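Visitor: Okay, here's the structure, questions in a sec.
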Number of protein chains: 2
Amino acid sequence: MSVTVSPEEQQDRPSGMLEVTPSLVDDVCELVEAGERGMVLNIAADLHAPDLARLLTHLPFEAAWELFHWLPVEDAGEVLAEIEGPLRADLLEDARPERVTEIIDELDSDDAADVLAELPDDLARQILTGLEDAADVQTLLGYDEDTAGGIMGTELVAVPESWTVEEATEEVRRNAETVEQIYAVFVVDPQDRLVGMLSLKTLLLSQARSVVSDLMDREYHWVSPDVDQEEVGRIMQHYDLVSLPVVNASGRLLGRITIDDVVDVIREEAEEDIQRMSGIATGNEELDASVFLVSRGRLPWLLLGLVGTIMAGFVVTQFEASLAEAVVLASFMPIMTAMAGNAAIQSSAITVQGLASGRLWTGDAFGRLGKELAVAFVNGVALAFTLAVFVSLIGFGGGNSIHLALVVSLSLFIIILLATTNGALVPVLLARMGVDPAVAMGPFVTTSNDILGLTVYFLIATSLYL
Amino acid sequence: MSVTVSPEEQQDRPSGMLEVTPSLVDDVCELVEAGERGMVLNIAADLHAPDLARLLTHLPFEAAWELFHWLPVEDAGEVLAEIEGPLRADLLEDARPERVTEIIDELDSDDAADVLAELPDDLARQILTGLEDAADVQTLLGYDEDTAGGIMGTELVAVPESWTVEEATEEVRRNAETVEQIYAVFVVDPQDRLVGMLSLKTLLLSQARSVVSDLMDREYHWVSPDVDQEEVGRIMQHYDLVSLPVVNASGRLLGRITIDDVVDVIREEAEEDIQRMSGIATGNEELDASVFLVSRGRLPWLLLGLVGTIMAGFVVTQFEASLAEAVVLASFMPIMTAMAGNAAIQSSAITVQGLASGRLWTGDAFGRLGKELAVAFVNGVALAFTLAVFVSLIGFGGGNSIHLALVVSLSLFIIILLATTNGALVPVLLARMGVDPAVAMGPFVTTSNDILGLTVYFLIATSLYL
């Protein structure tokens, strides 16, 4: 991740196009508040839709609403498709329903369905009935938004296999307006069942009289509408696809998913994974979510973590007598817990990634333990040595320094061995049980290793030091 | 992330194509060892190149090498492009240089440069001289592999603006073999400087006699070859591009980046982020990396973490007298450290993501502190209450339970407030200093909050409990 706007980013913009900077946001905000509609629309015309969307998200809501509704419907539609989070629905509320209908009519069917799903039910129903492709959008609304059906669009070009290249090209032309991105033409039988695909390149390079069925690719990938969007992303990425047809159980072509939608899915899923690893249960906290929503996403894990860590506290309670005897032992508790967590999260990250990408199978994973143990051995020796040097030089335990150094270093070494293998094993066990192994990487690793680290440490310390 | 192979995944395969399963791997392994070349090649023919690559990565190395060199050069080239990690170079070593040259000649220039960069220098130099597009590959080898120059390919169709649609189409046809994926034709001036782009759709739908300069898009995105690949991914994703030209300082067209390369970049970068967050310094640990490489990636952070956590140990040392007085206080140490880390990593994850995606600017971020404080307040109250109930019911501290419960709950509450704001602030400060804020999310958060948590806890406990 990187945040700074590089000089390249500026330089690589198409000439004449503006970049959204804090000062541009301030300027536009003032212009909107001053009611300078003409000047604002001039600036908006120099922004690509995704940049205009970014500008809106950085403006105060009132100014964003005002600007958005100054835009011609076509531009408003393009911008709306690029906006994420609650702002999208907020921009449409309190506007005339006729204008909202016109704006949503500008959207691709998949975006239209997404927007309607975010609007209050009453408003959504009212608008839906007025849409040009109401039936398509209605159908799309029936799919779970995280599935192939939820991300597919119905804008596509389909032709019978008996048509010629010339006829198919004419069909592309007829649909050129509604189907903006087109990478392939779908070939269907009289029952609308998908039977082949024809790339635009083949269409361009073939003779006008050639017949589609002679040119089409009969071997193609497809998904059913209930496939999870993450799986869709994996398939399109694995096979380098830019367009993937969605087909129902009887083989009928329902829609198509394009690579740009999937790129967003891949980014969203990566962000969700990182949020889940960080203990945000819902995995989809938005910057502009309410305090209540944010808390609802974060609190469950914190409470669970608290319970786990209270158990770690109980472990310590069992050794209170030892601590009373040698209170210096308490100083090493944070070292043992933190290092157990640090070592475990490294090995679990690698295992989880390997499992998720399909490069590692649960069957292979046990075989990896040998390597993890070897790595843990090397790192454990280095860490134990470093700790021993610190303790004996700085003299934590007064006169007992060397003895203390040996005991805590040995504990650290054993904890590194156990925590590393623990981190590599838990995700595999979870995967075998059908649980998403990514949850293992979250604060779960930290808490379970707090308990492990403290138990091992106190067992060794009480038997060797006291 | 999800690991289980869904029934859909099986069902959605093109008919006749095989799926790579552990039992298929076992079967192929036996067939290779038995020298059943014909049967193995039959199976390979039923696998897509990415699946065949997956099969190879799961086979024992000797069997993978054998199988790979049974493949005809065209297939071997396709598979090689799909293989990741050290296996790719390993498959080429010990093979006849003439065969290696033939295989690499099958690759796109960007893949060829990647593979050569992984081979031993001597071998790479020997092979490079024999390649058909040696000059292109040599140039590509000069770019850093994480930049636009490193991921671009030189396979593209470029035409002068004076040409007609018919001539441009002929040029596409002439290059159809080498340029497999084609989404747009690039338009250049006599000095090879990029002046426009023409989508395949426009080419298909325009009259044969129309002139390119009348049809081409003069407003397009481009990058210079030194732009970081992550930035390339962000640009292509932000603007929904499938093809992005790479242009040098004088405007000359050098190559093009296609969306499938960028999809891989987005996934790799997400994996790198997760690895860095997990304390793997290099961010690119491979499953089949050597113990030495793995340790080298993991040990630096562990050593740093050890030093940080030794400082946390020193904090405890300062309060040894208090601990000797009330050894029960030690039982709450893991709670304070773990909960500080858990709360901080949540708020820092959101801040880092917001900054990385451009949805949050460093200027806005301070304004977010109010919300983070509100969330921390709500969560802090819930957590403090829960801890108080546990402590007073279970009676950690013997007769002093209620008093102890109040003191530790108050500590926890204050620690949650501080750690949450700390987690949200540190990434912003790092970003302002020009440092990648993702490093803040790593075990850094855990360690720094260990110190914070213990200090606050002992200050409160010594003044209110003792």
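The values are calculated or read from the model by the stated rules, or taken from the named source; none is laboratory data. Nothing here was measured: the structure is a model prediction, and the numbers come from that model. Positions of Cβ are generated from backbone atoms using ideal geometry, with glycine treated the same way; all protein chains shown enter the neighbour counts. Calculation scope for accessible area: heavy atoms of the full protein, side chains included, ligands and nucleic acids excluded. Shrake-Rupley method; radii C 1.70, N 1.55, O 1.52, S 1.80 Å.
Visitor: Based on Cβ point charges of +1 for Lys and Arg and -1 for Asp and Glu, what charge dipole magnitude is obtained for chain B about its Cα centre, in debye rounded to the nearest 20?
Guide: Numbers: 24 positive and 73 negative charges, 704 e Å.
Here chain B has a charge dipole of around 3380 debye.
Visitor: For chain A, list log₁₀ I(q)/I(0) at each q in 0.07 Å⁻¹, using the Debye formula over Cα point scatterers of equal strength and ignoring solvent, two decimals each.
Guide: Once normalised to I(0) and log-transformed, intensities are -0.56.
Visitor: Where the centroid of each part is defined by its Cα atoms, how far is the stretch B:195-256 from the stretch A:264-300 in Å?
Guide: Result: 35 Å between the Cα centres.
Visitor: Across the stretch B:146-200, what fraction of all alpha-carbon pairs, as a whole percent, falls in each successive 5 Å bin from zero upward?
Guide: Spelled out per bin, shortest first, that is 4, 19, 27, 25, 15, 6, 2, 0.
Visitor: Given points 7 Å out from each Cα along the Cα-Cβ axis, report the B:L369 to A:S162 separation in nanometres with one decimal.
Guide: For the pair B:L369/A:S162, the computed spacing is 7.4 nm.
Visitor: Here's another thing I want to ask about it. Near the axis that takes chain A to chain B, which A residue has its beta carbon closest, and at how many Å?
Guide: With distances in whole Å, chain A gives A:A270, 2.
Visitor: Something else now. How big is the stretch B:171-320 by the Kirkwood estimate over distinct Cα pairs, in Å? Intermediate results must be reported in sequence, preceding the final value.
Guide: Values: mean 1/r = 0.0514 Å⁻¹.
So the Kirkwood estimate lands at 19.5 Å.
Visitor: Hey, another quick one. Rounded to the nearest 20 Debye, what is the dipole magnitude of the stretch B:84-152 about its Cα centre when Lys and Arg each give +1 and Asp and Glu each give -1 at the C-beta? Could you put the intermediate results ahead of the total?
Guide: Values: 4 positive and 21 negative charges, 46 e Å.
The calculation lands at about 220 debye.
Visitor: If you don't mind, another one. Select from the stretch B:170-205 all residues whose loss of accessible area on going from the chain by itself to the full protein assembly reaches 40 Å² or more (probe 1.4 Å).
Guide: At a threshold of 40 Å² (probe 1.4 Å), the residues of the stretch B:170-205 that become less exposed are B:R173, B:Y183, B:L200, B:K201, B:L204, B:L205.
Visitor: What are the membrane-span-like helices in chain A by this rule: whole DSSP H runs, Cα extent along the axis at least 24 Å, mean Kyte-Doolittle hydropathy at least 0.5? Provide the component values of the computation, followed by the final result.
Guide: Values: long enough: A:259-277 (27 Å, -0.56); A:291-318 (39 Å, 1.39); A:333-357 (36 Å, 0.85); A:362-394 (47 Å, 1.33); A:401-432 (46 Å, 1.94); A:443-464 (31 Å, 1.15).
Qualifying helices, which must be both long enough and hydrophobic enough, are A:291-318, A:333-357, A:362-394, A:401-432, A:443-464.
Visitor: On to the next question. Kindly report, to the nearest 10 Å², the accessible surface of A:I310 as traced by a 1.4 Å probe over protein heavy atoms only.
Guide: 0
Visitor: Excluding residues on the same chain fewer than 8 positions from B:K201, give the lysines whose Cα lies under 28 Å from its Cα.
Guide: Partners within reach: A:K201.
Visitor: With 10 Å bins from zero, work out the P(r) of the protein assembly as shown over every alpha carbon pair and list the percent per bin.
Guide: The percentages, shortest bin first, are 2, 11, 19, 23, 20, 14, 8, 3, 1, 0.
Visitor: Hey, can you grab everything whose amide H is under 5 Å from the amide H of B:G196? Only 5+ residues off in sequence or another chain; H modelled, so Pro and N-termini drop out.
Guide: For B:G196, whose amide H was placed from the backbone, the distant partners under 5 Å are B:V187.
Visitor: Loop-only trypsin sites (Lys or Arg not before Pro) in the stretch A:141-210, please: DSSP not H, G, I, E or B, and at most 12 other Cβ atoms within 10 Å. Can you show the working numbers first?
Guide: Working: sites: A:R173, A:R174, A:R193, A:K201, A:R209; in loops: A:R209.
Counting only loop positions with at most 12 other Cβ atoms within 10 Å, the trypsin sites (Lys or Arg not before Pro) in the stretch A:141-210 are A:R209.
Visitor: Hey, another quick one. In nm, one decimal, shortest first: how far is the label point of A:E171 (7 Å from Cα along Cα to beta carbon) from the matching points in the other copies?
Guide: 3.1
Visitor: Quick one: with label points 7 Å out along Cα→Cβ, list the inter-copy distances for A:E132 in nm, shortest first?
Guide: Those label-point separations list as 4.6 nm.
Visitor: Would you kindly work out, in nm and rounded to one decimal, the distances from the label point of B:A158 to those of the same position in each other copy, ordered shortest first, with label points 7 Å along Cα-to-Cβ?
Guide: Label point to label point, same position, other copies: 4.2 nm.
Visitor: Evaluate the relative contact order of chain B (contact order divided by residue number), counting alpha-carbon pairs under 8 angstrom at least 6 apart; express in whole percent.
Guide: Working: 603 pairs, mean separation 48.4, N = 466.
For chain B, the relative contact order is 10 percent.
Visitor: Counting protein heavy atoms only and a 1.4 angstrom probe, how many square angstrom of accessible surface do chains A and B bury in total, to the nearest 100? Mind dumping the intermediate values first?
Guide: Details: alone 24970 and 24950 Å², together 36790 Å².
Roughly 13100 Å² of accessible surface disappears when A and B pair.
Visitor: In whole percent, how big is the carbon plus sulfur part of the accessible area of chain B, probe 1.4 Å, protein atoms only? Kindly include the intermediate steps, with their values, before the conclusion.
Guide: Details: 10050 of 18390 Å².
Carbon and sulfur atoms account for 55 percent of the accessible area of chain B.
Visitor: Still on this structure, please answer the following. Could you tell me the relative contact order of the stretch A:67-186? Use alpha-carbon pairs under 8 Å, at least six residues apart, and round to a whole percent. Mind dumping the intermediate values first?
Guide: Working: 105 pairs, mean separation 25.0, N = 120.
Relative contact order of the stretch A:67-186: 21 percent.
Visitor: How large is the accessible surface per residue of chain A, computed with a 1.4 Å probe and reported in Å² as a whole number?
Guide: 39
Visitor: For A:K371, give me every one of the aspartates and glutamates with a C-alpha distance below 20 angstrom, ignoring sequence neighbours fewer than eight places off in its own chain.
Guide: Hits, sequence-local ones excluded: B:E62, B:E84, B:D90, B:E285, B:E286, B:D288.
Visitor: Okay, helix-only estimate at 222 nm for the protein assembly as shown: each DSSP H run of n ≥ 4 adds -39500 (n - 2.57), divide by all residues, round to 500 deg cm²/dmol; what do you get? Kindly include the intermediate steps, with their values, before the conclusion.
Guide: Details: 48 runs with 605 residues, N = 932.
The helix-only estimate for the protein assembly as shown comes to -20500 deg cm²/dmol at 222 nm.
Visitor: Okay, next question. Where nothing but the Cβ of Lys and Arg (+1) and of Asp and Glu (-1) is charged, how large is the charge dipole of the protein assembly as shown around its Cα centre, in debye to the nearest 20? Let's see the in-between values first.
Guide: Working: 48 positive and 146 negative charges, 986 e Å.
I would put it at about 4740 debye.
Visitor: Moving to a separate point now. Which value in nm describes the separation of the simple spin-label points at B:F385 and B:L18, placed 7 Å from the Cα toward the beta carbon?
Guide: About 6.1 nm, to one decimal.
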